[in-house]
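Following: one structure in structure tokens, then a few remarks.
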């Protein structure tokens with residue numbers, strides 16, 4: 001996978017993404033968030049290291065939020081649905097259910113209005 005494809009996967013809003021790619025990308029984002037949170041928890045309070053890990057966590061969290069929406073939009077596109085429904089990923093209980101459904105529910109076979117195939121830009 002090239003750097004351009006990785007940027008598209010995490011930050012692009014066009015095209016479609018498969019269940020496996022959606023799950024693995026989401027899992028990677030959670031692991032990154034938890035790593036920074038873990039390192040912050042280990043650092044002594046009020047230390048420069050604590051401040052650095054806290055800042056890193058907030059940066060990763062903000063980038064992850066954008067990426068979750070981009071992944072959700074592309075996953076919805078794979079079903080032939082508009083990406084606006086990705087906003088449901090910000091509703092606490094609904095987001096967990098939506099993530100599970102996005103990982104289980106198969107996308108459209110063949111081309112749809114959002115792309116000719118999964119895991120590709122439009």
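The values are calculated or read from the model by the stated rules, or taken from the named source; none is laboratory data. As the structure is a computational prediction, the values presented were derived from the model and not from experiment. Counting neighbours? That spans all protein chains shown, and the Cβs are built from the backbone with ideal geometry, glycine included.
Outside any helix (DSSP H, G or I) and surrounded by 12 or more Cβ atoms within 10 Å (Cβ to Cβ): does that describe residue 108? Yes.
Quick grid of which residues meet (1) at pLDDT 95 or above; (2) at positive phi; (3) not in a helix (DSSP H, G or I):
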site: 10; (1), (2), (3): yes, no, no
site: 14; (1), (2), (3): no, no, yes
site: 24; (1), (2), (3): yes, no, no
site: 28; (1), (2), (3): yes, no, no
site: 31; (1), (2), (3): yes, no, no
site: 35; (1), (2), (3): yes, no, no
site: 41; (1), (2), (3): no, no, no
site: 45; (1), (2), (3): no, no, yes
site: 49; (1), (2), (3): no, no, no
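Residue-level check: of (1) surrounded by 19 or more Cβ atoms within 10 Å (Cβ to Cβ); (2) touching a residue at least 40 places away in the same chain (Cβ under 8 Å); (3) assigned to a helix (DSSP H, G or I), residue 103 misses just (1). Examine region 42-49 for a residue that is without any contact (Cβ under 8 Å) to a residue 12 or more places away in the chain, surrounded by 13 or more Cβ atoms within 10 Å (Cβ to Cβ) and in contact with a helix residue (DSSP H, G or I) (Cβ under 7 Å, 6 or more places away or on another chain), and state whether such a residue exists. Scanning region 42-49, I find at least one residue that is without any contact (Cβ under 8 Å) to a residue 12 or more places away in the chain, surrounded by 13 or more Cβ atoms within 10 Å (Cβ to Cβ) and in contact with a helix residue (DSSP H, G or I) (Cβ under 7 Å, 6 or more places away or on another chain), so the answer is yes. Would you pick out the residues in region 1-28 that are free of Cβ contacts under 8 Å to residues at least 60 places away in the same chain and either touching a strand residue (DSSP E or B) at 6+ places or on another chain (Cβ under 7 Å) or more than 10 Å from residue 70 (Cα to Cα) (or both)? Passing the criteria: 1, 2, 3, 4, 5, 6, 7, 20, 24, 25, 27, 28.
Against the test of being modelled with pLDDT under 90 and out of contact with any strand residue (DSSP E or B) (no Cβ under 6 Å at 6 or more places or on another chain), the options 100, 84 yield a single qualifying residue, 84.
State all residues of region 71-86 that are surrounded by fewer than 22 Cβ atoms within 10 Å (Cβ to Cβ) and either on the phi > 0 side of the Ramachandran plot or in contact with a helix residue (DSSP H, G or I) (Cβ under 8 Å, 6 or more places away or on another chain) (or both); if no residue qualifies, say none.
If we filter region 71-86 for residues that are surrounded by fewer than 22 Cβ atoms within 10 Å (Cβ to Cβ), which is where we start, we get 79-85.
Within region 71-86, 80, 82, 83, 85 meet the criteria.
Restricting 69, 31 to residues that are closer than 18 Å to residue 95 by Cα and touching a residue at least 12 places away in the same chain (Cβ under 8 Å) narrows the list to 69.
For region 111-121, which positions are under 16 Å from residue 72 (Cβ atoms) and part of a loop (DSSP other than H, G, I, E, B)?
The first filter runs over region 111-121 and keeps only residues under 16 Å from residue 72 (Cβ atoms), leaving 114-115, 118-119.
Within region 111-121, 114, 118, 119 meet the criteria.
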